[in-house]
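Notes follow once the structure below has been shown.
The values are calculated or read from the model by the stated rules, or taken from the named source; none is laboratory data. All values reported here derive from a predicted model rather than from experimental measurement. Cβ sites come from the backbone with ideal geometry, for glycine too, and all protein chains shown count toward neighbours.
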Amino acid sequence: MINALRGMKDTISPTSEIYLHIIETCTKIAQNYGFSFIETPILEETALFKRSVGESSDIVGKEMYQFIDKGENDVCLRPEGTAGVVRAFIQQKYDKAGGVRRFFYHGPMFRYERPQKGRLRQFHQFGAETFGEANVREDATIILMLCEMFKTLGIGFTLEINSLGCPTCMPPYRTQLVRFLDQTEGLCEDCERRKLTNPIRVLDCKNEHCRSLLSKAPILLDNLCQECSTDFTVLKSILDSFGIAYSINPKLVRGLDYYSKTAFEFVSSEIGAQSAIAGGGRYDRLVEFLEGKPTPGVGFAMGIERLMELVKMPETTRQGYYIGALCDEALERVYRLSIAKRSEAIVHTLYEAKSLKTHLKNADKNYVKFCVCIGEDELLDGTVWIKDLESKEEKRIKLENF
Ligand code: HAM
């Protein structure tokens, strides 16, 4: 037997209903916030992710599904959605056109990680990106939009925020941090490597010993320039004014290299170690890195499989019809009626004549509101027998009134 690959899974009924519910809920809310749908290819040039997510990140360094295709192109399955959306934005010349544009997307992402609960090699994200809006109110709006999505889905969360500074305040902070790291002995191998490639990522190390060594590390929030500091204060005051609880985590650096200023993560305490349900932030230099006209950007993505563990589905009501034949002669009429009725409602049917009892059982299994049957009597007088499975009322009505 051939099974799905390790770390990859099927989304199949009944859990696929939860998947659809998440996509539909988030789509509706994103549209209310002025985001329009974008779909980008799953396969992209490897260079796109090297230049955006960053070569020093684990995602690009260790986790890419990368290969040479038949045309000798170095390509990979996308590990995240932002880079492709930025590429599309530049390719469409929206950077040159100016103005503000907002996009949302959903689909599969691929990271060759060690699979565990909540961590897959193929997983799905719902994400959104705003281009051309430098105002920190957009960062706040995106966080408020996520809060609304989680509230509508019945998901509890905690929110962590941080500022990663900008080209004015980050470089001097980085120098200060590297000086501290140079004087610190006993860091793990990963941290020693990151010290050279992307020292900020050292702050994110999960190793307990490194964490204790880093407790005295300089903090970027204490070293922000005036502009970043003001933006962070405005962000906090907006969240306060909307009653959104958050904690400030000065060590929140995110696993992708493209962030500046606002960084945030939504965490759930109910799904185990892989607790991040959404993350995002500002990336004002990414469009420029990918050779577009400098354009500010901010966005987020959430992990749909992790949300599926948490979603409270709205109560379902009985919907649609089940139409069954009680004798072989009625099969044709039932078939035609089912096709016709599907232009207005959900219709289940069977291509075989069965007893009334069996049809009623099937109708209940499909959780429909009405069970409709046609037998010899109904064929003769041009009627259908119909039972409302909620009120239990049953009657025969003329075919043309059905
Ligand atoms: P990320 O934090 O790498 O950000 O991923 C976002 C979310 O995807 C995570 O919070 C998590 O819920 C889910 N996720 C990540 N890896 C896995 C995995 N292996 N298995 C299951 N779920 C996973 C980004 O991808 C950025 N592109 C977000 C962004 C958009 N920033 C700005 N705009």
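A few remarks follow.
- For region 74-85, the criterion of being outside any strand (DSSP E or B), out of contact with any Phe, Trp or Tyr (no Cβ under 9 Å at 6 or more places or on another chain) and either within 16 Å of the ligand (Cβ to nearest atom) or at pLDDT 95 or above (or both) is met by none of the residues.
The rows are residues; the columns are (1) part of a helix (DSSP H, G or I); (2) touching a residue at least 24 places away in the same chain (Cβ under 8 Å); (3) in the same structural domain as residue 282 (by TED's automatic domain parsing).
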position: 178; (1), (2), (3): yes, no, no
position: 185; (1), (2), (3): no, no, no
position: 193; (1), (2), (3): yes, no, no
position: 200; (1), (2), (3): yes, yes, no
position: 203; (1), (2), (3): yes, yes, no
position: 206; (1), (2), (3): no, no, no
position: 213; (1), (2), (3): yes, yes, no
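- Taking region 53-87 as the range and being of a type in the set (Gly, Ala, Ser) and either within 19 Å of the chain's Cα centre (by Cα) or outside the structural domain of residue 258 (by TED's automatic domain parsing) (or both) as the test, the residues that pass are 81, 83, 84.
- Qualifying residue in region 11-28 (condition: touching a strand residue (DSSP E or B) at 6+ places or on another chain (Cβ under 8 Å) and within 18 Å of residue 112 (Cα to Cα)): no
- Each residue in region 282-312 was checked for being buried (at least 18 other Cβ atoms within 10 Å of the Cβ) and without any contact (Cβ under 8 Å) to a residue 24 or more places away in the chain, and 0 of them qualify.
- If the condition is being outside any strand (DSSP E or B), free of Cβ contacts under 8 Å to residues at least 12 places away in the same chain and under 46 Å from the mean Cα position of the chain (by Cα), then region 374-395 contributes 391, 392, 393.
- Any hit, region 292-312, residues being within 26 Å of residue 196 (Cβ to Cβ), more than 9 Å from the ligand (Cβ to nearest atom) and in the same structural domain as residue 136 (by TED's automatic domain parsing): no
- Matching residues, region 272-318, being small (Gly, Ala, Ser) and closer than 18 Å to residue 27 by Cβ: 278, 280, 299, 301, 303
- In region 114-147, the residues that are touching a Lys or Arg at 6+ places or on another chain (Cβ under 7 Å) and either acidic (Asp, Glu) or free of Cβ contacts under 8 Å to residues at least 60 places away in the same chain (or both): 139
Here is a yes/no grid of residues against (1) within 16 Å of the ligand (Cβ to nearest atom); (2) at positive phi; (3) at pLDDT below 95; (4) among the β-branched types (Val, Ile, Thr):
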site: 262; (1), (2), (3), (4): yes, no, no, yes
site: 282; (1), (2), (3), (4): yes, no, no, no
site: 324; (1), (2), (3), (4): no, no, no, no
site: 330; (1), (2), (3), (4): no, no, no, no
site: 340; (1), (2), (3), (4): no, no, no, no
site: 348; (1), (2), (3), (4): no, no, no, no
site: 351; (1), (2), (3), (4): no, no, no, no
site: 355; (1), (2), (3), (4): no, no, no, no
site: 358; (1), (2), (3), (4): no, no, no, yes
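- Of the set (1) in the same structural domain as residue 26 (by TED's automatic domain parsing); (2) buried (at least 21 other Cβ atoms within 10 Å of the Cβ); (3) hydrophobic (A, V, I, L, M, F, W, C), all apply to residue 147 but (2).
- Residue 129 under 23 Å from residue 261 (Cα atoms), within 10 Å of the ligand (Cβ to nearest atom) and under 20 Å from the mean Cα position of the chain (by Cα): yes
- When residue 269 is tested against (1) closer than 23 Å to residue 119 by Cβ; (2) surrounded by 12 or more Cβ atoms within 10 Å (Cβ to Cβ), exactly one condition is not met: (2).
- Answer residue from region 30-68, given it is without any contact (Cβ under 8 Å) to a residue 24 or more places away in the chain and not in a helix (DSSP H, G or I) and is farthest from residue 260 (Cα to Cα) among those: 68
- Long-range neighbours under 7 Å by Cβ, at least six apart or interchain, first residue more than 20 Å from residue 167 (Cβ to Cβ) within region 228-254, second surrounded by 13 or more Cβ atoms within 10 Å (Cβ to Cβ) and of a type in the set (Ser, Thr, Tyr): 239/246; 247/158
- Residue count for region 49-73 under the criterion of being touching a Gly at 6+ places or on another chain (Cβ under 7 Å) and away from the ligand (no atom under 12 Å from the Cβ): the result is 1.
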